[in-house]
1. Here are some conditions: (1) within 21 Å of Val171 (Cβ to Cβ); (2) not assigned by the TED database to the domain that holds Ala237. Ala37 meets all but one. Which one does it not meet?
2. Would you mind stating whether Gln261 is polar (S, T, N, Q) and away from the ligand (no atom under 16 Å from the Cβ)?
3. Could you tell me whether the range 258-279 includes any residue that is buried (at least 20 other Cβ atoms within 10 Å of the Cβ), touching a Ser or Thr at 6+ places or on another chain (Cβ under 7 Å) and of a type in the set (Lys, Arg)?
4. Name the residues in the range 252-271 that are modelled with pLDDT of 95 or more and closer than 17 Å to His316 by Cα, would you?
5. Restricting to strands (runs of 3 or more DSSP E) lying wholly in the range 94-172: which have 1 or more residues that are out of contact with any Ser or Thr (no Cβ under 8 Å at 6 or more places or on another chain), farther than 25 Å from Ile196 by Cβ and among the aliphatic types (A, V, I, L, M)?
6. I'd like to check which helices (runs of 4 or more DSSP H) are fully inside the range 323-377 and have at least 2 residues that are within 16 Å of the ligand (Cβ to nearest atom).
7. Quick one: Cys190 ticks every box in (1) within 18 Å of the chain's Cα centre (by Cα); (2) assigned to a loop (DSSP other than H, G, I, E, B); (3) surrounded by 22 or more Cβ atoms within 10 Å (Cβ to Cβ) except a single one, so which number is it?
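The values are calculated or read from the model by the stated rules, or taken from the named source; none is laboratory data. Just so it is clear, the model here is predicted, and its values are computed rather than measured. Reconstructed Cβ throughout: ideal geometry from the backbone, glycine too, with neighbour counts over all protein chains shown.
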Amino acid sequence: MGKRAKRDIILLILLCQGMIFNERDQELRDLGYQKHAFNMLISNRLGYHRDVPDTRNAACKDKSYPVDLPVASVVICFYNEALSALLRTVHSVLDRTPAQLLHEIILVDDDSDFDDLKGELEEYVQKYLPGKIKVIRNTKREGLIRGRMIGAAHATGEVLVFLDSHCEVNVMWLQPLLAAIQQDQRTVVCPVIDIISADTLAYSSSPVVRGGFNWGLHFKWDLVPLSELGGPEGATAPIKSPTMAGGLFAMNRHYFNELGQYDSGMDIWGGENLEISFRIWMCGGRLFIIPCSRVGHIFRKRRPYGSPEGQDTMTHNSLRLAHVWLDEYKEQYFSLRPDLRTKSYGNISERVELRRKLGCKSFKWYLDNIYPEMQISGPNAKPQQPIFINRGPKRPKVLQRGRLYHLQTNKCLVAQGRPSQKGGLVVLKACDYSDPGQIWIYNEEHELVLNNLLCLDMSETRSSDPPRLMKCHGSGGSQQWTFGKSNRLYQVSAGQCLRVVDPLSHKGYVAMAICDGSSSQQWHLEG
Ligand SMILES: *[C@@H]1O[C@H](CO)[C@@H](O)[C@H](O)[C@H]1NC(C)=O
């Protein structure tokens, strides 16, 4: 069977899995979106076992790993998760991990409300999963951060592996992680996070990117700088990452404890991933993404639950992290959020003491050595000199030049107003082959430059905003785009694809969305 025919069949299967046959289906689907922000109907129909495409680079498939690797305790915290997604996570681990490397799986129920996560789960575990699975029940809501600490306290394997409760691990996912930790106990590793669509649950490959952050203390993805690529191990080499996304990582269990676990003064979720990332690098450890280890993750469109009293835990946690770790650079955060300067953040003396006891380096050291790409901004900073900051006076090499053509509608992506208007939107319009204002340049920095003037930019602070035309800043992130398979146009820091909002409308609005390969997301840059 041809590759295309195979893909069509897979698509057809996926469409059928999503089909609504009766009111019960409709109810389940609507309820699923409401409770979980993904398609529970399809999740339930998929069952607990399925094969996923092996998305590893070909070079990974030839690699072999030592047989005497350390054993792993897999810790999965869940709160009001769809039972089918949770059990598929568990079974993917059991199905694709050599039994001798899997010490145990620890499920931490963070006081969920749903009945099936109590009795039905208990029964299922006892009947079908005896031995290796422990279920721990929190008696009150602790949140992800303390939940992971509780799970870790019950673990007895040499390595801790934290997973989210809606993942599916890929072929040979664990060995590369364990091998890196075995070589150096202070190495913390993350798999590449593949995408499981929240709408179709289709599994697709992600490009290899690494973690960064902005001064709003939000995590973002960055393209891997060329200087980090091309070592002797080529595409299989671990990639130094300034931060981690947070949900999925592995580290030696004693090292996790020695390094101070998490800040237990942080609530529910948010900011803990940057906190542990800074702590790892500043206190003598290392953080890598392992390209040969891949784990699929359902990317939900929103977080379906809040905190118990509706507090903004992200802000509370970010404040704690700023006061403990950022030194004088916390000014960068406060210049963006002046309202937080005087806001209380609880008692941080234990964390400050931890930093002293571990003899950690300064945040300046971290920026200089681990994340030199980070830009300093704010009222006290020098005015930004966009194009030249990171690349010197040299203009990046043009890779391609032409119209950005939307395949489904036969229209072109152009400026809504004048192509020279900073902050202007882009929309679909009829292609005009005599208009130089419709010409995009795609360059080696992965920028899309319209009319040789402005860059297509995806705001890093509000991912719900549509992309706009902004001055090219040359520091990647919000202005980095890649053309991927299925003609997708992928925005690196948002981790999403460009799509046309309503292909039948004449308005031609575009927005960012989770990549799903649909025809509204297919683009072609043509000369
Ligand atoms: C903060 O916590 C430390 C130790 O946990 C304690 O000794 C100290 O008294 C606390 N400070 C305040 C102001 O409560």
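1. (1)
2. When the stated conditions are applied, Gln261 does not pass them.
3. no
4. Across the range 252-271, the qualifying residues are Tyr262, Asp263.
5. 133-137
6. In the range 323-377, 349-357 are the helices (runs of 4 or more DSSP H) which contain 2 or more residues that are within 16 Å of the ligand (Cβ to nearest atom).
7. That leaves (2) as the condition not met.
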